[in-house]
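The values are calculated or read from the model by the stated rules, or taken from the named source; none is laboratory data. Treat the numbers as computed from the prediction; the structure is a model and nothing was measured. For neighbour counting, all protein chains shown are included, and Cβ atoms are generated from backbone atoms with ideal geometry for every residue, glycine included. We work out accessible area using only protein heavy atoms, side chains counted, and drop any ligands, DNA or RNA first. Shrake-Rupley method; radii C 1.70, N 1.55, O 1.52, S 1.80 Å.
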Amino acid sequence: MLHGYAGKILHIDLTSGSVEVEKPSEEFYRQYIGGSLLGLYYLWKLTPEGTEPLDPVNTMTFAISAPTGMAVSGQSRCTLTCLSPSSGGVSDSQAGGFWPAELKFAGYDAIVIRGAASEPVYLWINDDKVEIRPASHLWGKLTNEVDEIIKAEHGKKVEIAQIGPSGENLSNFAAVMNMSNRAWGRTGTGAVMGSKNLKAIVVRGSRKAEPADKRAVTALAKKGAGLYPDSDMEWFGRYGTPDTVMDNLGPGGLPTRNWDSGAMVQEAAEAISGERLYEELLRGAAEGKQDRLGRDTCYACIVRCKRVVESEWRHQALTPQLGGPEYETIATFGSYCDVDDLHAVTYANQLCNQYGVDTISCGATISWAMDCFEHGVLTADDMDGIELRFGDSGAMIAMLKKILTRDGFGDVLAEGSTKAADKLGKGHDFLLTIKGQELPAHMPHVKRSLAVIYATNPFGADHQSTEHDTLYNPKGYEGTEEEPGNKRFLNQIGLFHPQHPKVLNERKIEYALKTQYNYSAMDTMGLCQFVYGPAWQLFGPQDMADLMSAATGWDFSVDEVQKIGRRRLNLMRALNAREGIARDQDTLPKKLYSKGLEGGRTDGLKLDEQEVQNGIEMYYDQAGWEVETGVPSRATLEELGLGWAADSLA
């Protein structure tokens, strides 16, 4: 008997209007688990080689896993896979909230979508009732407006995944949103959904998630609740990811002025910090009630790390429904643009959520344009009269609005910085992109293994694909009597040799790769990387294995967890190889090699290209990939049960 899973995959063909239900075997689930790996399987099998990302045959899959919807923290995550408009290769994105759990309650482990509707539509999934409905009345509306309309039609308890106007307009960095503030961001997922004329997926379910061992799931939940008050997670829940603004500033790793520097002025960084957000902008802050009113959560999670703001910027309301900025958003619209106005940054986040765009790529594209303006590559005449200078929050918001509506020069920037530079025929020296995707806000100058991970990651530079170097330094690894070290979890995946953050040697590559496998497993199991993980998190690798065992009734070990992560990473890499993406695209932006940073503790520092290339080759070798091509070897793919992928590449 199949436990944990719903046991059904929903297949939607928007071109023909057909709706079919697949009931995979238990063996299929054991091999592909769910989440990212399951989505990749359907992407490979159903999308022909050489498909353009905005072609109707590009397969889009929303997939959850066995633990989704169970009463334990950190399990309500869903992965969205398709081909990416940014790179032409794999797109892989995760989002939390309540939508993933609701999909399980409706009785499905995944929704596989092909084709394109001739007119705007939305999916209405109410348990076994699945309908493709007209969405002309929703087209063109903001995400919060759509939420209100759909809940008026179907009830307040439905969960909604949707695109905003930017997805409809096929912006290269459009995202898919749920709750109007949770994003399947990066890689242009919203543009793919928009190309299918699919406005929303509305879900309501009445079932329960049924684990094989309910007592074991409850025991793990109680363990987490007991650990939480005295763990790092309590601090994380209070201040969220924005707390890392000052953490990154200290060592000179806060990207500033389009990565010209690793440091803002101290007072400027403090003005956009997580502490300032908590103290001044969270709902209830004025009355000291922000812990109760200014923090939101995902289904059944005790951490409550999501920001909920209530304030204003220049008479524009900052509303709770649209959430609050994460660290990456604060960095890309803040330090990247040298803007120290937290209200403006929060307003930018709100606009991005309303229109449905990835805040990292959008903010980074604006900072690229600012860099071009400061160097005379672009002028105010080019940019509709806007003098887009670093530090000018008003100009930043003005250009953001143009991007979101594809108005004037905003139409160029809505393609992302790489395509904008190609279209304009200039500005390439200031680009900070890999595989067409803008860099996130963690600098390999101070976290050296990120140089290799950024370069080799199948869907472009990503900060949530591995554990960062700072967590493997000797002090953090060992810990103290009062504060347990990261070795408590790192040892579980075979890591025993801590290294300095700026070292890039075989031990550091081993650390990057093994933690990448663990993160890859989480994206397949549908687990949150802030609650589970191999270092500082609430639950570790053994807990992941225990949860999967309790959910499914199968006997999982940490080794199998790691192997699941390897399988997913190798299938992504193999799919990219099928699409012609291999070692030649495993590169870093030239700016990271050619220009030393200015100011802060990393003043004058730049990356060594030969060191990074050596690191990439060590990574290929340890991963079992061909060093000449960066493609997984046949032996590696066969070991992971992916011989069929090797046959396709032969």
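So which residues in region 606-648 are part of a helix (DSSP H, G or I), aliphatic (A, V, I, L, M) and either modelled with pLDDT under 95 or under 15 Å from residue 513 (Cβ atoms) (or both)?
Correct list: 616, 618, 623.
Residue 581 passes all but one of (1) without any contact (Cβ under 8 Å) to a residue 60 or more places away in the chain; (2) β-branched (Val, Ile, Thr); (3) within 19 Å of residue 452 (Cα to Cα); which number fails?
In the conditions (1) without any contact (Cβ under 8 Å) to a residue 60 or more places away in the chain; (2) β-branched (Val, Ile, Thr); (3) within 19 Å of residue 452 (Cα to Cα), residue 581 misses (1) alone.
If you check 178, 258, which single one turns out to be closer than 30 Å to residue 460 by Cβ, in contact with a strand residue (DSSP E or B) (Cβ under 7 Å, 6 or more places away or on another chain) and of a type outside the set (A, V, I, L, M, F, W, C)?
178
Of all residues in region 116-128, count the ones that are out of contact with any Gly (no Cβ under 9 Å at 6 or more places or on another chain) and either of a type in the set (Asp, Glu) or more than 23 Å from residue 141 (Cα to Cα) (or both).
The total comes to 1.
Could you please let me know if residue 151 is basic (Lys, Arg), touching a residue at least 24 places away in the same chain (Cβ under 8 Å), open to solvent by 10 Å² or more (accessible area, probe 1.4 Å) and closer than 24 Å to residue 306 by Cα?
Judged against the criteria, residue 151 is not a match.
Which ones in region 320-365 are surrounded by fewer than 24 Cβ atoms within 10 Å (Cβ to Cβ), within 13 Å of residue 273 (Cα to Cα) and touching a strand residue (DSSP E or B) at 6+ places or on another chain (Cβ under 7 Å)?
343
If only one of 121, 146, 176 is open to solvent by less than 30 Å² (accessible area, probe 1.4 Å), at pLDDT 95 or above and under 29 Å from residue 66 (Cβ atoms), which one is it?
Working: 121 fails: under 29 Å from residue 66 (Cβ atoms); 146 fails: under 29 Å from residue 66 (Cβ atoms).
Sole residue among the options that is open to solvent by less than 30 Å² (accessible area, probe 1.4 Å), at pLDDT 95 or above and under 29 Å from residue 66 (Cβ atoms): 176.
Out of region 282-319, which residues are open to solvent by 20 Å² or more (accessible area, probe 1.4 Å), assigned to a loop (DSSP other than H, G, I, E, B) and within 20 Å of residue 77 (Cβ to Cβ)?
If the condition is that a residue be open to solvent by 20 Å² or more (accessible area, probe 1.4 Å), assigned to a loop (DSSP other than H, G, I, E, B) and within 20 Å of residue 77 (Cβ to Cβ), then 297, 298, 299, 300, 301, 302, 304, 305 are the ones that fit.
May I ask you to verify whether residue 25 is over 21 Å from residue 129 (Cα atoms), surrounded by fewer than 16 Cβ atoms within 10 Å (Cβ to Cβ) and not aliphatic (A, V, I, L, M)?
Spelling it out, residue 25 is indeed over 21 Å from residue 129 (Cα atoms), surrounded by fewer than 16 Cβ atoms within 10 Å (Cβ to Cβ) and not aliphatic (A, V, I, L, M).
Only one of 49, 20, 26 is charged (D, E, K, R) and without any contact (Cβ under 8 Å) to a residue 12 or more places away in the chain; which?
Only one candidate qualifies: 20.
Would you be able to say whether some residue in region 584-594 is of a type outside the set (Ser, Thr, Tyr), assigned to a helix (DSSP H, G or I), open to solvent by 10 Å² or more (accessible area, probe 1.4 Å) and farther than 29 Å from residue 534 by Cα?
yes
May I ask you to list the residues in region 419-470 that are in contact (Cβ under 8 Å) with a residue 60 or more places away in the chain, open to solvent by 10 Å² or more (accessible area, probe 1.4 Å), part of a helix (DSSP H, G or I) and in contact with a His (Cβ under 9 Å, 6 or more places away or on another chain)?
Correct list: 429, 430.
Among the residues of region 574-583 satisfying the criterion of being under 20 Å from residue 622 (Cβ atoms) and open to solvent by 10 Å² or more (accessible area, probe 1.4 Å), which is modelled with the highest pLDDT?
Keep residues of region 574-583 that are under 20 Å from residue 622 (Cβ atoms), which gives 574, 576-577, 582-583.
Imposing the further condition that a residue be open to solvent by 10 Å² or more (accessible area, probe 1.4 Å) reduces the set to 577, 582-583.
On the way: 577: 98, 582: 91, 583: 95.
Residue satisfying both the conditions and the ranking: 577.
Quick check: anything in region 564-571 open to solvent by less than 10 Å² (accessible area, probe 1.4 Å), β-branched (Val, Ile, Thr), at pLDDT 95 or above and farther than 30 Å from residue 50 by Cβ?
No, region 564-571 contains no residue that is open to solvent by less than 10 Å² (accessible area, probe 1.4 Å), β-branched (Val, Ile, Thr), at pLDDT 95 or above and farther than 30 Å from residue 50 by Cβ.
Say we look at region 255-281 and pick out the residues that are touching a Gly at 6+ places or on another chain (Cβ under 6 Å) and aliphatic (A, V, I, L, M); which of these is least open to solvent (accessible area, probe 1.4 Å)?
Restricting to residues being touching a Gly at 6+ places or on another chain (Cβ under 6 Å) and aliphatic (A, V, I, L, M), the top hit is 272.
Select from region 88-112 the residues that are of a type in the set (Phe, Trp, Tyr), open to solvent by less than 10 Å² (accessible area, probe 1.4 Å) and either in a loop (DSSP other than H, G, I, E, B) or in contact with a His (Cβ under 9 Å, 6 or more places away or on another chain) (or both) and list them in ascending order. If you could, list the steps in order and put the result at the bottom.
Within region 88-112, the subset of a type in the set (Phe, Trp, Tyr) is 98-99, 105, 108.
Subset that is open to solvent by less than 10 Å² (accessible area, probe 1.4 Å): 99, 108.
Correct list: 108 only.
Which residues, taken from region 495-540, are touching a Lys or Arg at 6+ places or on another chain (Cβ under 6 Å) and open to solvent by 10 Å² or more (accessible area, probe 1.4 Å)?
Those that are touching a Lys or Arg at 6+ places or on another chain (Cβ under 6 Å) and open to solvent by 10 Å² or more (accessible area, probe 1.4 Å): 497, 499, 501, 502, 504, 517, 528.
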